[in-house]
Amino acid sequence: MEPGYTIAEVSERTGLSAHTLRYYERAGLLDPPDRGTNGHRRYSDADLGMLRILTRLKATGMSIAEMRRYAELCRVGPDTFDARRVLLEEHRQQVLDRIAALQTDLGLIESKIKFYAEGDARDLNGQS
């Protein structure tokens, strides 16, 4: 058995489709993995680690361009730790801002739920 993981194994482990994995390669988010003797992709543990962080960055709203920038910095090596930290700090602030906005939105939804649960008569007068 050849070392590494097949695209199907990586897809199962990460929840990303084979199509998405190939797209991540084309988009410069993931280095092209090694190939087995049969020419099929063989992903490493390092590839899985990069996919884990990319998945979280995407889930938290980071753009493909910023994800690509992060991946490029990782490829350069430890000399880019400060740049990576700054990029992630900026993204963290964006995530915190979105969480705060969602908390405000949730507060309005909760007040409406309470309003409708109490059957307030104002609802009958055209207020929503």
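Odds and ends about this structure:
- So T55, is it of a type in the set (V, I, T) and at pLDDT below 95: no
- Residue, surrounded by the fewest Cβ atoms within 10 Å (Cβ to Cβ), within the stretch 107-120, restricted to residues that are in a helix (DSSP H, G or I) and small (G, A, S): A117
- Selection over the stretch 31-61 of residues that are outside any loop (DSSP other than H, G, I, E, B) and either touching a helix residue (DSSP H, G or I) at 6+ places or on another chain (Cβ under 8 Å) or among the hydrophobic types (A, V, I, L, M, F, W, C) (or both) gives a count of 14.
- Only a single criterion out of (1) within 27 Å of E2 (Cα to Cα); (2) within 17 Å of the chain's Cα centre (by Cα) is not satisfied by H40, namely (2).
- For the stretch 35-46, the set of residues classified as surrounded by fewer than 14 Cβ atoms within 10 Å (Cβ to Cβ) and under 26 Å from L73 (Cβ atoms) consists of R35, D45, A46, listed by residue number.
- Here Q127 meets the list (1) surrounded by fewer than 10 Cβ atoms within 10 Å (Cβ to Cβ); (2) at pLDDT 95 or above; (3) farther than 30 Å from R13 by Cβ almost entirely, failing just condition (2).
- Selection within the stretch 47-106 - among the small types (G, A, S) and either surrounded by fewer than 11 Cβ atoms within 10 Å (Cβ to Cβ) or within 11 Å of the chain's Cα centre (by Cα) (or both): A59, G61, S63, A65, G77, A100, A101
- Matching entry among A65, A27, A117, A101 (being out of contact with any Phe, Trp or Tyr (no Cβ under 8 Å at 6 or more places or on another chain) and closer than 24 Å to Y5 by Cβ): A27
The values are calculated or read from the model by the stated rules, or taken from the named source; none is laboratory data. Keep in mind the model is a prediction, meaning the values are calculated, not measured. We place every Cβ from the backbone using ideal geometry, glycine too, and count neighbours over all the protein chains shown.
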